[in-house]
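See below for the structure under consideration.
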Amino acid sequence: VEGYAKILRQEYEKAIDDNGMQFLRSILDACSHMKNLIEDLLQLSRVGRLADVKKEVNIPWVVTEVVEELRFIIQERKARITIAENIPNVVSVETYIKVVFRNLLSNAIKFCDKPVPEIEVGVLGGEHPVFFVKDNGIGIESEYFDKIFMIFQRLHKRYEGTGAGLTITKKIVEAHGGRIWVESTPGVGSTFYFTIPL
Ligand code: ADP
């Protein structure tokens, strides 16, 4: 479908009026949404095989890599991201920890209506570290604090997404024996907390 829609857009551009072009754009958007959805579902089905090679993972390093991957959207949104220096290592599979931070950071940038998204990655000390990603975005009503971790549950249709990111993130955290939750004030921002038992 995507292939034929692209041919129509490229080779029949002059024969199609503005309305028709708008329909074509909708078809292409839906195709790309479907691709993302399949990718996400595949990723979700793969999590859980944590028997993979676990090793010490340096979180600030992983977050720096994710920031590099997201650099275009970060530049476009003029987002400011600070990463605490005192974050301890966890024992995990690096790719999974990367997925966790990629999902949390891209949501923090996406669900933000302020001119400059301010995002903080840090850790609360104590016997068991609690990692967090804090944003100054649109926030979430407390009645949805659990619902957002369920597959395909999305509160804001006007922002792009598949509704699988937080489900994948939760599955990864729980596969480590950890826990994830959110605290948020609508209009002020959200903080996602999670634990990865050492
Ligand atoms: P997606 O980002 O693809 O919509 P997620 O599973 O990552 O799916 O998130 C589910 C829903 O939770 C989002 O659609 C959004 O409504 C809400 N959400 C997630 N992260 C944030 C955030 N940082 N600020 C406000 N709302 C959020």
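A few notes on this one:
- Listed by position, the strands (runs of 3 or more DSSP E) enclosed by region 83-197 that each have at least 1 residues that are aliphatic (A, V, I, L, M) and over 22 Å from E56 (Cβ atoms) are 118-124, 180-185.
- Applying a threshold of 9 Å to beta carbon distances and a minimum spacing of six or more residues, or different chains, the list of pairs starting in region 132-158 at a residue that is more than 18 Å from T169 (Cα to Cα) and ending at one that is open to solvent by 90 Å² or more (accessible area, probe 1.4 Å) and not in a loop (DSSP other than H, G, I, E, B) reads S142/E183.
- Scanning region 109-123 for residues that are open to solvent by 20 Å² or more (accessible area, probe 1.4 Å), near the ligand (Cβ under 10 Å from one of its atoms) and among the hydrophobic types (A, V, I, L, M, F, W, C) turns up just one, F111.
- In region 97-108, of all residues being farther than 16 Å from W181 by Cβ and either among the small types (G, A, S) or near the ligand (Cβ under 10 Å from one of its atoms) (or both), the one that is surrounded by the most Cβ atoms within 10 Å (Cβ to Cβ) corresponds to L105.
- Evaluated against (1) away from the ligand (no atom under 16 Å from the Cβ); (2) closer than 30 Å to I196 by Cα; (3) open to solvent by 90 Å² or more (accessible area, probe 1.4 Å), V62 falls short on exactly one condition, (3).
- Annotation note: Cβ proximity below 6 Å between a residue of region 89-113 that is among the acidic types (D, E) and a residue that is more than 16 Å from the ligand (Cβ to nearest atom) (sequence gap 6+ or interchain) occurs for E94/V57.
- Some residue of region 165-185 being of a type in the set (G, A, S), near the ligand (Cβ under 7 Å from one of its atoms) and in contact with a helix residue (DSSP H, G or I) (Cβ under 7 Å, 6 or more places away or on another chain): yes
- Condition check for G126: on the phi > 0 side of the Ramachandran plot, open to solvent by 30 Å² or more (accessible area, probe 1.4 Å) and free of Cβ contacts under 8 Å to residues at least 60 places away in the same chain: yes
- Residues of region 166-198 satisfying the condition of being within 23 Å of T95 (Cα to Cα), open to solvent by 20 Å² or more (accessible area, probe 1.4 Å) and of a type in the set (G, A, S): A175, G177
The values are calculated or read from the model by the stated rules, or taken from the named source; none is laboratory data. Here the structure is a predicted model, which is why all the values come from computation and not from measurement. A quick note on method: Cβ atoms are made from the backbone with ideal geometry, for glycine too, and the neighbour counts reach across all protein chains shown. Surface areas here come from the heavy atoms of the whole protein model, side chains and all, with no ligands, DNA or RNA. Shrake-Rupley method; radii C 1.70, N 1.55, O 1.52, S 1.80 Å.
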